[in-house]
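Trainee: If you scroll down you'll find the structure; I have some questions about it.
The values are calculated or read from the model by the stated rules, or taken from the named source; none is laboratory data. These numbers were taken from a predicted model, which means no experiment stands behind them. Cβ placement follows ideal geometry from the backbone for every residue including glycine, while neighbour counts extend to all protein chains displayed. Please note that ligands, DNA and RNA were not included when accessible areas were found on the heavy atoms of the full protein model with its side chains. Shrake-Rupley method; radii C 1.70, N 1.55, O 1.52, S 1.80 Å.
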Amino acid sequence: MDFAFSEEQRQFQDAVRGFARQRLRGRYAQDDRRGSIDPATRREMAEMGLMGLTIPELYGGQGAGAVTTGIAAEELAAADFNAAYLLLIPMLAAEVIATAGEPAQRERLLPPIADGSVLPCFCLTEPEHGSDAAHLSLRAAREESGQGWRLSGEKTSISLGMAADTAIVFARTSDRGARGISAFYASLKDDRVQRSELSDLGSRAIGRAAIHFDGLPVAAQDLIGGEGEGFVRCMQSFEFSRAVIGLMCLACAQAGIEEAMQYARSREAFGKPIGAHQGVAFPLVEAATLMKGARLLCYEALWRRDQGLPHRIEASMAKWWAPKVAVEAAHQALLTLGHAGYSEELPAGQRIRDLIGLEIGDGTAQIAKLVVARELLGREFSP
Ligand SMILES: Cc1cc2nc3c(=O)[nH]c(=O)nc-3n(C[C@H](O)[C@H](O)[C@H](O)COP(=O)(O)OP(=O)(O)OC[C@H]3O[C@@H](n4cnc5c(N)ncnc54)[C@H](O)[C@@H]3O)c2cc1C
């Protein structure tokens, strides 16, 4: 068994860490206050190849494997949790095109995502259908001419929904449950698309939006993966992203725990550094232990994906466990900093607000556990 990254992965880690610390760390709180991500972040991430990290080289990306993607997510999130969303969301959209799209669609649609000139979002959730996404109701109706489709209905809770240029939109093309859902690639820059921003607890720099489609035309060539195949094909290829999310969350919390440990070494109470009181040290040790365990689970899921091995169980376990461990660790870090941690001068509170979002986004803990239960107990135990 080998727990080390390859030499190439370590060099990549150093490069992303250097970039994130130098360029992103200072923007984390600023972007939150402004409520938008600094445009330089996307530009600089594109220059580093991070906007198209998993996109095959043939289509302008880096063709990175899952473990390498996890490394990037960790390094970005440790400095600026929200910058890691810029890796994650376009990756989800690109993954749909790369796995389900025809070669001509990949050639046309992937290079602008890889070079950062087009920012896509990922539209699955609807006002009435979140966890049970297979019952979504936004409609794609065929044009009378038979050439193309029209999208009508509402998506909500869409990360980057205000900033995005394009979207992968999952829409119902027939009433055959999950097999009646198709994936479309649509431009959001159209009068028949109305977006409204949600007022959120965290990740304000990324923002979420409700997006209303009022008969938006989509060309036949922008149906991705065949009629009725979008949902089923795409959902399977996403499992690894849950472990990437886990690593994002853990790295953000780890930054908080490291700050708390540093503080515990220097802050004195009752005549000694607070870290010398076991009541302070032990909760930090417990958080560090749980985070290490969760991180290994995430990397096992990603490693399995890179080896072509099944990883649904590990990735789904990571999705419920890692964000929870991260939120609790970030909370502990804040408490260790005492009154200073409660101030907006420090990022401890922002980290908690931001992390909670990914306890829900991309599926809640209960839904991740349902997936694991189905695998461990058997299909008959799923609702
Ligand atoms: C920060 C953030 C970013 C997001 N980004 C996106 C995005 O980019 N694109 C997108 O499409 N969506 C996005 N979402 C939406 C997200 O995927 C959904 O919120 C999530 O899937 C849950 O759906 P819901 O909110 O409708 O909750 P519901 O499905 O209404 O569930 C409500 C509660 O009931 C529980 N529950 C539901 N069914 C069961 C069950 N069978 N057993 C046990 N418990 C159950 C849930 O776990 C939850 O606690 C985002 C959400 C957040 C918070």
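Trainee: Search region 142-161 for residues being away from the ligand (no atom under 14 Å from the Cβ) and in a strand (DSSP E or B), and hand back the single one that is surrounded by the fewest Cβ atoms within 10 Å (Cβ to Cβ).
Mentor: ARG142
Trainee: Next question. Against the conditions (1) without any contact (Cβ under 8 Å) to a residue 40 or more places away in the chain; (2) surrounded by fewer than 18 Cβ atoms within 10 Å (Cβ to Cβ); (3) away from the ligand (no atom under 16 Å from the Cβ); (4) more than 21 Å from VAL67 (Cβ to Cβ), where does GLY338 fall short? Just the number, please.
Mentor: (1)
Trainee: Suppose we filter ASP190, ASP222, ASP214 for residues that are more than 10 Å from the ligand (Cβ to nearest atom) and within 17 Å of VAL96 (Cα to Cα); which single one remains?
Mentor: Of ASP190, ASP222, ASP214, the one residue that is more than 10 Å from the ligand (Cβ to nearest atom) and within 17 Å of VAL96 (Cα to Cα) is ASP222.
Results for (1) touching a Pro at 6+ places or on another chain (Cβ under 8 Å); (2) open to solvent by 30 Å² or more (accessible area, probe 1.4 Å); (3) assigned to a helix (DSSP H, G or I), shown as yes or no for each residue.
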| position | (1), (2), (3) |
| --- | --- |
| VAL325 | no, no, yes |
| ALA330 | no, no, yes |
| LEU346 | no, yes, no |
| GLY357 | no, yes, yes |
| VAL372 | no, no, yes |
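Trainee: Could I ask something else about it? Within region 264-272, is there a residue that is away from the ligand (no atom under 16 Å from the Cβ) and either open to solvent by less than 60 Å² (accessible area, probe 1.4 Å) or modelled with pLDDT under 95 (or both)?
Mentor: yes
Matching residues to (1) crowded, with 20+ Cβ neighbours inside 10 Å; (2) within 15 Å of the ligand (Cβ to nearest atom); (3) more than 16 Å from CYS252 (Cβ to Cβ); (4) of a type in the set (A, V, I, L, M):
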{"site": "ALA281", "(1), (2), (3), (4)": "no, no, yes, yes"}
{"site": "LYS292", "(1), (2), (3), (4)": "no, no, no, no"}
{"site": "LEU296", "(1), (2), (3), (4)": "no, no, yes, yes"}
{"site": "LEU309", "(1), (2), (3), (4)": "no, no, yes, yes"}
{"site": "ALA318", "(1), (2), (3), (4)": "yes, no, no, yes"}
{"site": "ASP362", "(1), (2), (3), (4)": "yes, yes, no, no"}
{"site": "ALA368", "(1), (2), (3), (4)": "yes, yes, yes, yes"}
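Trainee: Next up: Could you tell me which residue of region 103-130 is surrounded by the fewest Cβ atoms within 10 Å (Cβ to Cβ), considering only residues that are small (Gly, Ala, Ser) and within 20 Å of the chain's Cα centre (by Cα)?
Mentor: So, considering only residues that are small (Gly, Ala, Ser) and within 20 Å of the chain's Cα centre (by Cα), the one surrounded by the fewest Cβ atoms within 10 Å (Cβ to Cβ) is SER117.
Trainee: Suppose the filter is among the β-branched types (Val, Ile, Thr), buried (at least 16 other Cβ atoms within 10 Å of the Cβ) and within 18 Å of ALA220 (Cα to Cα); does VAL96 pass it?
Mentor: It is true that VAL96 is among the β-branched types (Val, Ile, Thr), buried (at least 16 other Cβ atoms within 10 Å of the Cβ) and within 18 Å of ALA220 (Cα to Cα).
Trainee: Taking the stated definitions as given, is GLU102 more than 8 Å from the ligand (Cβ to nearest atom) and closer than 12 Å to THR54 by Cα?
Mentor: Criteria not met by GLU102.
Trainee: Restricting attention to region 374-383, and to residues there that are exposed (fewer than 11 other Cβ atoms within 10 Å of the Cβ) and not in a helix (DSSP H, G or I), which single residue is farthest from the ligand (Cβ to nearest atom)?
Mentor: Here the residue is GLY378.
Trainee: Quick check on region 80-92. Is at least one of its residues away from the ligand (no atom under 13 Å from the Cβ) and either open to solvent by 10 Å² or more (accessible area, probe 1.4 Å) or under 28 Å from SER174 (Cα atoms) (or both)?
Mentor: No, the conditions are met nowhere in region 80-92.
Trainee: Output yes when any residue across region 235-246 is surrounded by fewer than 18 Cβ atoms within 10 Å (Cβ to Cβ) and either of a type in the set (Gly, Ala, Ser) or within 27 Å of GLN30 (Cα to Cα) (or both), and no when none is.
Mentor: There is at least one residue in region 235-246 that is surrounded by fewer than 18 Cβ atoms within 10 Å (Cβ to Cβ) and either of a type in the set (Gly, Ala, Ser) or within 27 Å of GLN30 (Cα to Cα) (or both).
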